[in-house]
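Here's the structure we're looking at; comments come further down.
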Amino acid sequence: MQTTNTSVIARRVKISDDYATLPYEAGWANEAVTFVQAEGDHPDLAIAVEVSPDGINWIRRTGGTLAASQQIVDLPLAQFGNWLRVVITGATSEQPARVLVHLNLKG
Amino acid sequence: MQKFLSYDRGLERFNPLARVICYDDFDTGFNGWLDLTPNYVEENYESFDSVIDLSSWAPNQLSSAAMRFASSHGSMEGTYSLKLTTAPTGGPHTEPPRNGSMGHAIKRLSRFGNPKLIQIESWYSYTPVQDREGKGEEDIRAIGFFFDVQDSEYRYMPGVRYVNSLGGKLVKKWQYYQVADGVTPEDWNFGVKDGWCVPGVDNQWYGRRFEDGSGDGYQWLPGGEQDLVFNESPDKINWMYFRLTVDIEKREYVELQSGDQVFDMRGIKPTLTEGYASIDNLINPIFFIETDTDRSVNLYLDSVVYSVE
């Protein structure tokens with residue numbers, strides 16, 4: 001039977017600038033799905049999932065958009081090695097956002 | 001029924017009490033250890049008012065202890081350990097913990113078998129992330145462990161904290177959880193009147209902190225100086241042994257063992273508080289780590305054994 005786990009890697013964080021989650025080790029998993037939710041009003045948000053050899057230097061792997069009209073978006077990822085993080089851009093002090101990021105891993 | 005018990009060889013490096021309740025080797029998953037979060041039970045799923053953002057603690061991970069210039073350390077025996085991490089948000093040690101500046105892992109349990117003693121053991125290691133030059137030892141403020149216990153009368157939190165460094169200066173001394181005399185609820189909640197938390201509960205983030213590293217919730221352990229192993233680079237780790245035994249019949253500490261050093265804690269008591277509703281017979285073990293600077297720090301638990309007698 002596979003192992004599955006869901007971590008909340010950003011927990012209702014209020015953002016008003018470019019934002020990145022902390023480096024996360026996920027090497028035990030074969031697949032990952034990131035869910036990004038916004039609570040309340042928010043501008044269009046660009047979402048990217050990044051991978052890394054060391055948790056310090058990052059490469060952009062996949063991306064998507066959480067439009068102002070949407071509440072939630074999902075981004076699947078495979079063959080990501082060990083480290084990953086989620087980068088969210090588009091929030092400003094004039095148009096902030098409150099975000100919740102779930103990371104589901106399976107392997 | 002006659003029982004024959006055969007222990008896993010991995011238990012050879014532990015000294016469990018008579019009955020092992022949990023032997024958690026993180027090669028097999030998170031084993032029920034999870035992030036520590038507040039109670040989202042108010043309007044719009046908000047939590048109660050607090051100076052501390054209790055929702056900000058970083059997510060726990062299954063780690064292969066992969067380092068920047070070294071390779072993966074794996075765990076002491078196997079590939080994965082449980083990693084507690086922090087955000088790079090450490091502030092002055094005299095202030096309340098800043099958002100994300102601590103990492104916690106909790107396992108939610110209850111009493112079983114009416115034991116007299118409870119004990120936690122772990123093989124662990126710690127290091128900062130290698131995001132800058134230097135040795136890095138001085139950027140780890142503290143690591144710690146406590147039990148959250150409630151019996152039919154009291155809630156109390158017996159725990160210990162290794163103060164590694166304060167303001168960039170190495171300290172390397174153990175403390176234990178006990179509230180100093182005269183601490184008021186307002187002191188404990190950093191000035192919030194009618195704060196949710198009472199003195200003696202959640203010492204890891206409540207209670208005022210003072211320049212010398214003491215605090216409302218922490219007392220220095222007599223003879224508690226100890227030079228733990230920090231290797232010569234932030235990307236090298238060594239596994240160390242930890243054990244805390246508590247007498248829950250007498251509601252007092254028994255022993256702290258760190259490496260081969262044993263600290264007799266008989267006669268020392270944690271602070272007893274009035275029981276909370278609906279959590280009779282609760283026993284939660286909790287590990288934590290704190291950063292001293294604008295740098296993420298990590299605590300790795302190879303495996304954890306919880307036993308009773």
### Query
Which members of region A:42-85 meet the condition of being away from chain B (no Cβ under 12 Å), under 30 Å from B:P234 (Cβ atoms), open to solvent by less than 30 Å² (accessible area, probe 1.4 Å) and in a strand (DSSP E or B)?
A:A48, A:V49, A:E50, A:V51, A:L77
### Query
Within region B:138-150, is even one residue part of a loop (DSSP other than H, G, I, E, B), at pLDDT 95 or above and open to solvent by 30 Å² or more (accessible area, probe 1.4 Å)?
no
### Message
Against the condition within 11 Å of chain A (Cβ to nearest Cβ), in contact with an Asp or Glu (Cβ under 9 Å, 6 or more places away or on another chain) and assigned to a loop (DSSP other than H, G, I, E, B), how does B:A87 come out, does it pass?
### Response
no
### Message
Here are the criteria: (1) more than 10 Å from every other protein chain (Cβ to nearest Cβ); (2) surrounded by 15 or more Cβ atoms within 10 Å (Cβ to Cβ); (3) assigned to a loop (DSSP other than H, G, I, E, B). Tell me which single one B:S71 does not satisfy.
### Response
(2)
### So B:N114, is it open to solvent by 10 Å² or more (accessible area, probe 1.4 Å), more than 10 Å from B:V297 (Cα to Cα) and free of Cβ contacts under 8 Å to residues at least 24 places away in the same chain
yes
#### Entry: Search result, residues across region A:39-69 that are free of Cβ contacts under 8 Å to residues at least 12 places away in the same chain and not hydrophobic (A, V, I, L, M, F, W, C)
A:N57, A:S69
### Query
What number of residues within region B:94-111 are part of a loop (DSSP other than H, G, I, E, B) and either buried (at least 22 other Cβ atoms within 10 Å of the Cβ) or free of Cβ contacts under 8 Å to residues at least 24 places away in the same chain (or both)?
4
### Message
So if I check each of B:L54, B:L109, which one is within 11 Å of chain A (Cβ to nearest Cβ), among the hydrophobic types (A, V, I, L, M, F, W, C) and within 22 Å of B:G32 (Cβ to Cβ)?
### Response
B:L54
### Task
Take region B:75-84 and flag every residue that is within 11 Å of chain A (Cβ to nearest Cβ) and assigned to a loop (DSSP other than H, G, I, E, B).
B:T79, B:Y80
### Query
When the residues of region B:27-73 are filtered to those that are within 17 Å of the chain's Cα centre (by Cα) and aromatic (F, W, Y), which remaining residue is nearest to B:K107 (Cα to Cα)?
B:W33
### Query
Given the conditions (1) closer than 30 Å to B:E133 by Cα; (2) open to solvent by less than 70 Å² (accessible area, probe 1.4 Å), which single one is not true for B:F14?
(1)
### Message
Going residue by residue through region B:7-17, is there one that turns out to be at pLDDT 95 or above, farther than 22 Å from A:L105 by Cα, under 18 Å from the mean Cα position of the chain (by Cα) and not aromatic (F, W, Y)?
### Response
no
### Query
Can you name every residue in region A:1-41 that is of a type outside the set (S, T, Y), in a loop (DSSP other than H, G, I, E, B) and more than 8 Å from chain B (Cβ to nearest Cβ)?
A:M1, A:Q2, A:D17, A:D18, A:A29, A:N30, A:E39, A:G40, A:D41
### Query
Among the residues of region B:135-189 satisfying the criterion of being touching a residue at least 60 places away in the same chain (Cβ under 8 Å) and of a type in the set (G, A, S), which is nearest to B:E290 (Cα to Cα)?
B:A142
#### Entry: Subset tally (residues that are open to solvent by less than 20 Å² (accessible area, probe 1.4 Å) and touching a Gly at 6+ places or on another chain (Cβ under 9 Å)) for region B:214-225
4
### Task
Consider B:F230 carefully, then state whether it is over 27 Å from B:I21 (Cα atoms), more than 14 Å from chain A (Cβ to nearest Cβ) and among the aromatic types (F, W, Y).
yes
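The values are calculated or read from the model by the stated rules, or taken from the named source; none is laboratory data. Remember, predicted model here, so these are calculated numbers, not experimental data. All Cβ positions, even for glycine, are placed from backbone atoms using ideal geometry, and neighbour counts span all protein chains on display. We work out accessible area using only protein heavy atoms, side chains counted, and drop any ligands, DNA or RNA first. Shrake-Rupley method; radii C 1.70, N 1.55, O 1.52, S 1.80 Å.
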